[in-house]
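Since the structure comes first, as structure tokens, the remarks are kept for the end.
Values in this text are rule-based calculations from the coordinates and carry no lab data. What you are looking at is a predicted structure, and each value in this text was computed from that prediction instead of being measured. Methodologically, a virtual Cβ is constructed for each residue, glycine included, from the backbone with ideal geometry; neighbour enumeration extends over all protein chains shown.
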Ligand code: GAL
């Protein structure tokens, strides 16, 4: 099903009925509203002007549309910021990040919690049982614009309290952090400062705790909103719209609060966000890279415990990336189908109509600015809507054969201590995902500690701290497993395990890592054996009792195997990665179909979908009963067959 993000407060009331009618024409069922409307709902403290929203909801409802109502907390209004300056977040240098755009709040401000609870309660009470309301969105894009972590006095207070609860005594904290190093022992929790503004590197365990604390604050704040909504709005779902490539809070923990996850898909904008080479960026500039949207669909399906929406789908050029090209014709339709293929319940476009004013005036909508005229993206959404209606209900998705174990805290750990400048967790994970999908495989993401039952292949690109629940799932699994570099290299307190890395994975892998080497660009180490290629960026030296499947140039083990548990002791280049994933897929008994770089496949129930991100067509090498498209898949084309 399709949806759209709509801002009735941006348009004259006389326009609303036409908008609602044309939404139906487009095949839209869901409309998200309200998430930035605080100044229009409460222009001054305790003065409420809900009537316009009442009327807007009635118009949408009468047209047969269902509404997702956003809480307006991403944009605290000016009067509130003036009343409570302690709401504002601080940057790393201790400067206030003030009013004037959005997300100008700290998750730790007590005033902010009180004010958020107040406005959410008032709105949830008023609209909780409104017949138009199908569900709720908490806030808007936690963490966007680098807002998970704030470095102000309120944050320091809350961090000290978090430490107090966690460690009970300063001695326990000193011990956990290795405070004896550089005389960093504290006599009381009130002596602890935020890990910034230091002469050189602050203590990594402290930084990791501060990151964990900041992540916990997001989840707790979200839960506060969710509980209020649930109290007043029974039988409606609650979601949050997560962002792409934001990893600085644990999305699984926020997902635990929600009925379903949603995320905001700006595939072309994200090409600029990801550390691609310039050559790759140019290649995918007008289509996006074929794994960017799917990677997030699969991740957020896990965050939503199987259920996710795309809450905001890019409908044309955006305004916020360094460059913002028009997508190639066909891409808006392709992205829509792709989200559905990966299991999305709803794909909702951002936004209904391009705004002729303010910050996002260069951002496309489904309609041209100020007019009742479809944009190119609007027409493509219409096509997708017609195709969807013709196809009927899509079958439920199934468990993928392959799982990626994904751990946010490992991103924080490796960002705090990269050891090699280009050791980037998200990049490593993305490349492994890409490698699997280039083999035509469907992939699930799995959180630490979750069951691995039913998977044939489990890959762990990098999990620095392997907790007991995860270890036990790995011990139980019958899948073939592939671990990547730095797995098991730290304990809960950011300490090197006493038995050396891979710590708790030593028994499963038969390995002991005695040295690690980060390789600057240009340095590389060849790998030869059952798989071959080159180690770049990172290489480990290991002693092993396991079978050695491939060796580095000097004969040291590079890929080992013991009872199905494989360990790759480096950051592999594309050749080595592909060869390794092929080998593992074969061992796991999976059928692979090596795909050209621009083609991807995805199954949903008995349907198979194919997507072409490239400039040339592709002959689909299997026969099937085509429901959309045919055996020749044109550039930017979609095919669906049974
Ligand atoms: C999202 C945000 C929207 C809008 C959009 C523009 O990050 O949730 O409010 O700003 O980006 O692409």
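Summary table
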quantity	calculated
Two-site label geometry, residue 24 and residue 627: point separation in nm, points 7 Å out along Cα→Cβ	2.6 nm
Rounded if a/c under 1.5, otherwise prolate or oblate - region 152-207, Cα gyration tensor axes	oblate
Förster radius 30 Å - calculated FRET efficiency between residue 279 and residue 524, Cβ distance, rounded to 0.05	0.95
Among 384-391, 435-442, 340-347, 586-593, the order from most to least packed when residues are scored by Cβ within 10 Å on average	340-347, 435-442, 384-391, 586-593
Highest to lowest packing among 275-288, 117-130, scored as the average C-beta count within 10 Å	117-130, 275-288
Relative contact order (percent, whole number), region 402-587, Cα cutoff 8 Å, 6+ residue spacing	19 percent
Added length on full extension, which subtracts the Cα-Cα distance from 0.36 nm per residue, residue 171 to residue 359	62.7 nm
The chain - share of DSSP beta bridges that are antiparallel (%, nearest 5)	50 percent
For region 402-587, average projected area of the Cα convex hull in nm²	9.1 nm²
Euclidean distance of C-alpha centroids, region 56-72 and region 238-300, integer Å	27 Å
Convex hull of Cα atoms in the chain, direction-averaged projection (nm²)	28.0 nm²
Interatomic Cα distance distribution for region 13-154, bins of 5 angstrom, percent	2, 10, 18, 20, 16, 13, 10, 7, 4, 1, 0
Taking 394, 371, 299 and counting other C-beta atoms within 10 Å, the order from fewest to most	371, 394, 299
Alpha carbon Rg of region 424-511, scaled by the compact-globule rule 2.2 N^0.38 Å	1.08
Alpha-carbon centroid distance for the pair region 604-622 / region 142-218, whole angstrom	49 Å
Exposure proxy ranking, count of Cβ atoms within 10 Å, fewest first, for 527, 622	622, 527
Taking all pairs of distinct alpha-carbon atoms in region 513-640, Kirkwood radius in angstrom	17.1 Å
The chain: relative contact order in percent, alpha carbon pairs under 8 Å with at least 6 residues between	10 percent
Value of relative contact order over region 1-140, rounded to a whole percent, pairs C-alpha under 8 Å and six or more apart	26 percent
Convex hull volume per residue for region 193-302, taking Cα atoms only, in Å³	142 Å³
Rg/Rh (Cα only; Kirkwood hydrodynamic radius) as it applies to region 599-641	0.93
Residues of region 275-302 with amide N under 16 Å of the 7 Å Cα→Cβ point at residue 422	275-281
Whole-angstrom gap from region 313-334 to region 415-462, using each part's C-alpha centre	27 Å
Ranked list, fewest to most other Cβ atoms within 10 Å of each Cβ, for 375, 265, 472	472, 375, 265
